[in-house]
Ligand SMILES: Cc1cc2nc3c(=O)[nH]c(=O)nc-3n(C[C@H](O)[C@H](O)[C@H](O)COP(=O)(O)OP(=O)(O)OC[C@H]3O[C@@H](n4cnc5c(N)ncnc54)[C@H](O)[C@@H]3O)c2cc1C
Ligand code: FES
Ligand code: FES
């Protein structure tokens, strides 16, 4: 089958088709420099401030869904097959959109630089038809910074606008938009450029195998929440990109009684329900990754593949005993996820090899899991320390233990000596726990850096182990946590 040599997306009711697309062109630069749509602002250009937020419409299980994304670190090729909505589109015939009007009515804007981003973060919430409450709004806006208005009037505007009945040009045109997006789904491979410089988005395993064999030097791209910054901040001259977001086989989630397999190109947002089915702490962990914008594009596979010592999912996946699947050309191999992380910046992955998926075993009867992410700022912050614990428990004693930490070593790592010490501890005898926690000093010699001192990391790691034991011994999480309380995990 021949590849398509253009990207297509829906914009203001029209199909836009572009054939000349530089591989590293961002959506923000396309909007501001090519289209001249300058309502979308450039602030940090690294995914942190939300000033550049736009909404993407796509079909998920046949349903039209809108998500906020950071246009500054999103590559133009990534929006193929989607609808792009920006703040410049919202006002129709001079009438402000209900979200814009609510921000005016509630004095939600002063200098206005952040306002387009806030409007576009709220647009998906408005379209979802949810009756918004404060918690939902705060979560929706965690990726948007305002320096002068203050958040109270913005939150009040959001609550006033998102009342459950979208009534705008998009709600009227839902069917038509969904039909156009369905028509985009031609299942073809996409290739723009030539052998020296290209943006490729294969749809099939065979095409991915061919591309990675021919171009092992190409950058593998998933959500671009890291790669986007290589472009905007490090100014890396990337010439070849292979984007995984159109690969059906990498976008699947397969749930069985025993395990969940998450395809590498599944986004954090898409993975959240499956993570929740394993344990409520995993869902809470995903909710704490970045912001809505980051979770709409960033992927579980990217979080593993980049090998960061402070990536959030690897320690939890290690503690759970997950298995990783890698694919090179037509060959696949599997390994325990902890073996993937060799040293700082070094993973067990050769050029052209792709992380294909991760299989996570469900918890069995008698097993308990906890994980905690410690950051300086609650929302949208990277971990200083992350602790994840899976224990087998019988008759009040720990019989099995898998313990992993992020932020304590050059890679996400198991605490093997501590695991041995924890096995056979009694949950009824807290006096015995301290000696086991002391063994952490043999497992880790953490570093000092701008996120946390070595002493802070060591003490926090210890406290997290004691906290996990305390909770597993029966303490209610309303006494141990300020959020993510397991007792209320399903109460919304
Ligand atoms: C504002 C902001 C907030 C963030 N907050 C958090 C946070 O709270 N917690 C956290 O853990 N991370 C956070 N991150 C970092 C980021 O989300 C992760 O590292 C992310 O998982 C990268 O995934 P991606 O799909 O965006 O990967 P990309 O940026 O597309 O790729 C990242 C790296 O992995 C490689 N790669 C990607 N997919 C594959 C694959 N399937 N096979 C082989 N190689 C692959 C790429 O070549 C690249 O080297 C944040 C980032 C931003 C910008
Ligand atoms: S400009 Fe700050 S998130 Fe994009
Ligand atoms: S209104 Fe000035 S930054 Fe928000």
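Rule-based calculations on the coordinates, nothing more; no lab input. Only a predicted model underlies this, so the values are computations on that prediction, with no experimental measurement involved. When we count neighbours, we look across all protein chains shown, and the Cβ atoms used for this are built from the backbone with ideal geometry, even at glycine.
Could you state the angle between the C-alpha long axis of helix 174-184 and the longest principal axis of the C-alpha atoms of the chain, as a value from 0 to 90 degrees rounded to the nearest 10? Helix 174-184 sits at roughly 80 degrees to that axis. When each of 291, 350, 426, 121 is scored by the number of other beta-carbon atoms lying within 10 Å, the sequence from fewest to most is 350, 426, 291, 121. Seen against the Cα atoms of the chain and their longest principal axis, helix 115-128 is set at about 80 degrees.
Modelled spin labels at residue 450 and residue 101, positioned 7 Å past Cα toward Cβ, are 4.5 nm from each other.
Just to verify a number: FRET efficiency for residue 20 and residue 88, C-beta to C-beta distance, R0 = 22 Å, to 0.05?
0.45
Here 384, 91 are placed in order of increasing Cβ neighbour count within 10 Å, fewest first, which gives 91, 384. For segment 122-188, the equivalent ellipsoid derived from the alpha-carbon gyration tensor has semi-axes of 29, 15, 10 Å in decreasing order. P(r) for segment 1-89, from all Cα pairs and a bin width of 10 Å, is 17, 51, 27, 4, 0 %, short bins first. Each label was represented as a point 7 Å from its Cα along the Cα-to-Cβ direction; for residue 6 and residue 364 these points are 5.6 nm apart. Is the shape of segment 158-292 rounded, prolate or oblate, going by the alpha carbon gyration tensor and its root eigenvalues a ≥ b ≥ c, with a/c under 1.5 for rounded and a/b larger than b/c for prolate? Prolate is the answer for segment 158-292, as a/c is 1.5 or above and a/b outweighs b/c.
Taking the helices alone, the chain has a mean residue ellipticity at 222 nm of -8000 deg cm²/dmol, built from -39,500 (n - 2.57) per DSSP H run of at least 4 residues and averaged over all its residues. Here the scattering of segment 190-243 is modelled by Debye summation over its C-alpha atoms, one equal scatterer each and no solvent; at q = 0.24, 0.25, 0.31 Å⁻¹ the log10 of I(q)/I(0) is -0.95, -1.02, -1.30. Taking every Cα-Cα distance in segment 88-217 and sorting them into 5 Å bins from zero, the calculated P(r) comes out as 2, 9, 16, 15, 11, 8, 8, 10, 10, 7, 2, 0 percent. Segment 371-395 and segment 285-326 have Cα centres spaced 13 Å apart. Expressed to the nearest 5 percent, the antiparallel share of DSSP beta bridges inside the chain is 90 percent. Two decimals is fine: what is log10 I(q)/I(0) at q = 0.09, 0.10, 0.14 Å⁻¹ for the chain, from a Debye sum with one equal scatterer on every Cα and no solvent? Result of the Debye calculation: -0.64, -0.79, -1.42. Length available on full extension from residue 381 to residue 230: 0.36 nm per residue minus the Cα-Cα distance, which gives 52.5 nm. Expressed in units of 2.2 N^0.38 Å, where N is the residue count, the Cα radius of gyration of segment 318-390 is 1.36. For segment 365-425, the equivalent ellipsoid derived from the alpha-carbon gyration tensor has semi-axes of 25, 14, 7 Å in decreasing order. Relative to the globular-protein estimate of 2.2 N^0.38 Å, the Cα radius of gyration of segment 76-127 stands at 1.25. Legend: Rg and Dmax of segment 248-361, from Cα coordinates, 13.1, 36 Å.
Give the order of 375, 19, 115, 225 when sorted by the count of other beta carbons within 10 angstrom, beginning with the fewest.
By the 10 Å Cβ count, ascending, the order reads 19, 375, 115, 225.
Treating r as the C-beta distance of residue 179 and residue 34 and R0 as 35 Å, the FRET efficiency rounds to 0.80. With viscosity 0.890 mPa s and temperature 25 °C, the Kirkwood radius over alpha carbon pairs of segment 367-478 converts through Stokes-Einstein to a diffusion coefficient of 173 µm²/s.
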